[in-house]
Amino acid sequence: MLDLKFIRSNPELVSTAVKNKNEKCDISALLELDEKKRKLQFDFDQLRAEQKKVSAEIPVLKKAKKDTTAIMADMKLIADKLKDINTELTETGNTLDALLMTVPNIPHPAVPLGGEENNKFIREWGTKKEFDFAPLDQMELTERNELLDLKRAAKMSGSGFVIYQGKGAELERALINFFLDFQVRKNGYTELWTPYMVNRTAMTGTGQLPKLEDDMYRIEEDDMFLIPTAEASVTNYYADEILAAGDLPKLFTAFSPCFRREAGSYGKDTRGLQRVHQFNKVEMVRFVHPDDSEAVLEEMVNNAEAILQALGLHYRVVMLASGDLSFASSKTYDLEVWAPGTGKYLEVSSISNFVDFQARRANIRFRDKDDKVKFVHTLNGSGLATPRSFIALIETWQNADGTITIPEALRPYLQNRAIL
RNA sequence: GGAGAGGUGACUGAGUGGUCGAAAGUGCGCGCCUGCUAAGCGUGUGUGGGGAUUAAACUUCACCGAGGGUUCGAAUCCCUCCCUCUCCGCCA
């Protein structure tokens, strides 16, 4: 969330940001509530101070054998009044908090305005692969090599679920292991295995809630959510903690399946592995000093790029426009990998700087060198998500006979085979 | 699921209705002493909100797992929930 004091002194700036992000929330209503709350708080404090003062005198008077019935009767009135004020104060505070939770993060000044069409091309690596035969797409390749069974997955779970089988399962497992090893051995992250279900507080901390409640799978009975990304469990690792000055930065990587209802996106790029309800992803998360987050974002993009390069996959880097940014992000780069059979660039990684937005919500702080307690900056990004990496890989490395060559980097994970 | 114990500051741990934001110890900061490290002595050391201020000093309120309640007054009593530990049961 944003700092209430910041909103107070920059209401126009915040309102503009809300609009640029295509979000809806009433900043002036929020500020009115804020003022109301402060007024109530002031009244409460005054009255409460008096109550405390008199209450402290009562035992003294009693000890001196003075009659306190009159004073106690007066105090009863004050106590009642305090209760009333407190009720209103609590209600106002709750409403204010709820409203504050719907205010999105402010896009970084470098972020282009507008929707997806205004995403900014940053750079690309490699070129679109040329074939001397007509390349097949993921559907044909997975079918020919019997890598997936979508029909049977649908039987038990519905559309949008996947069964990897045989060599497909091996490839999926190899990718996950390769990604994890890469993050740990080459990029310097510490590996975590975290819960795949988290509670409401955690989901609010990272900013999935309240906005994305309908996009997540919820376990009603326990009010838990299946994580749509490991970000939810990894970022909450330090929730409600104050880290020591020397603790930063912290770099974590975690594998997790990701569960997304994808409500409202039916029929949109849903072929095969393109958009599924459950997929595998290796996530990178960093907790850093506020001074470092801008540079670290670039580093993390490089971390993810290095993996695509190792797999010999052509990709481009784009910076998301304000309207395409997620609720909590201030700046996001997407990595889009080229899938030659499908003929499209597919998003395989989204890397974001949340600055202090998540840290405020999840209450993640550190003690700076000046001894002041401050919010850390959090960043995260996929490194990488498997389904589209899988598509790009098999489409890029396919052979004329329909087989798939395994890129060098991945061979140690597949018994050093050259062909899948 | 059943029975019991417990959740206090960075940590250990006291505190069962009144001046407790909270003893003591550890750790950490600063100073002194001691001419290595150590030990010793002194002193300081929570977070957040409001008010005031150029700023600090200042002042006030909240916070002892969370939320309610009783009371003039709650870390302390009552209720609900959450979490941890031990034992039993059940399932894998």
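The values are calculated or read from the model by the stated rules, or taken from the named source; none is laboratory data. Every value quoted in this text rests on a predicted model; they were computed, and no experiment measured them. Don't worry about glycine lacking a Cβ; one is built from the backbone with ideal geometry, like all the others, and counts go over all protein chains shown. Ligands, DNA and RNA are stripped out before the accessible areas are found, and what is left, the full protein with its side chains, is counted by its heavy atoms. Shrake-Rupley method; radii C 1.70, N 1.55, O 1.52, S 1.80 Å.
Which number in (1) open to solvent by less than 90 Å² (accessible area, probe 1.4 Å); (2) more than 7 Å from RNA strand B (Cβ to nearest atom) marks the one condition that A:Gln51 misses?
Condition (2) is where A:Gln51 drops out.
So A:Phe131 ticks every box in (1) out of contact with any Ser or Thr (no Cβ under 8 Å at 6 or more places or on another chain); (2) over 30 Å from A:Ser329 (Cα atoms); (3) open to solvent by 70 Å² or more (accessible area, probe 1.4 Å) but one. Which box is left unticked?
All conditions are met except number (3).
Find all pairs meeting these conditions: Cβ atoms under 6 angstrom apart; at least six residues apart or on different chains; first residue within segment A:1-16 and farther than 13 Å from A:Glu32 by Cα and assigned to a loop (DSSP other than H, G, I, E, B); second residue open to solvent by less than 80 Å² (accessible area, probe 1.4 Å) and more than 11 Å from RNA strand B (Cβ to nearest atom).
Filtered contacts from segment A:1-16: A:Met1/A:Leu100; A:Met1/A:Arg361; A:Leu2/A:Val103.
Can you pull out every residue in segment A:1-34 that is within 15 Å of RNA strand B (Cβ to nearest atom) and among the small types (Gly, Ala, Ser)?
A:Ser9
Looking at segment A:79-87, is at least one residue within 6 Å of RNA strand B (Cβ to nearest atom) and either open to solvent by 70 Å² or more (accessible area, probe 1.4 Å) or assigned by TED's automatic domain parsing to the domain that holds A:Pro11 (or both)?
Checked against the condition, which is being within 6 Å of RNA strand B (Cβ to nearest atom) and either open to solvent by 70 Å² or more (accessible area, probe 1.4 Å) or assigned by TED's automatic domain parsing to the domain that holds A:Pro11 (or both), segment A:79-87 yields at least one hit.
Among the numbered criteria (1) out of contact with any Lys or Arg (no Cβ under 8 Å at 6 or more places or on another chain); (2) assigned to a helix (DSSP H, G or I); (3) more than 8 Å from RNA strand B (Cβ to nearest atom); (4) open to solvent by less than 40 Å² (accessible area, probe 1.4 Å), which one does A:Leu96 miss?
So the condition that A:Leu96 fails would be (1).
Grab the strands (runs of 3 or more DSSP E) fully contained in segment A:335-411, keeping just those with 3 or more residues being without any contact (Cβ under 8 Å) to a residue 12 or more places away in the chain.
none
Residue check: is A:Leu61 in a helix (DSSP H, G or I), within 9 Å of RNA strand B (Cβ to nearest atom) and surrounded by fewer than 15 Cβ atoms within 10 Å (Cβ to Cβ)?
In short, no.
Which pairs turn up if I take residues in segment A:191-216 that are on the phi > 0 side of the Ramachandran plot and open to solvent by less than 20 Å² (accessible area, probe 1.4 Å) and look for partners that are among the basic types (Lys, Arg) and not in a loop (DSSP other than H, G, I, E, B) with beta carbon separation below 7 Å, at least 6 apart in sequence or on another chain?
A:Gly207/A:Arg361
Those residues that are assigned to a strand (DSSP E or B) and open to solvent by 10 Å² or more (accessible area, probe 1.4 Å), I need them from segment A:320-333; list them, please.
A:Lys331, A:Tyr333
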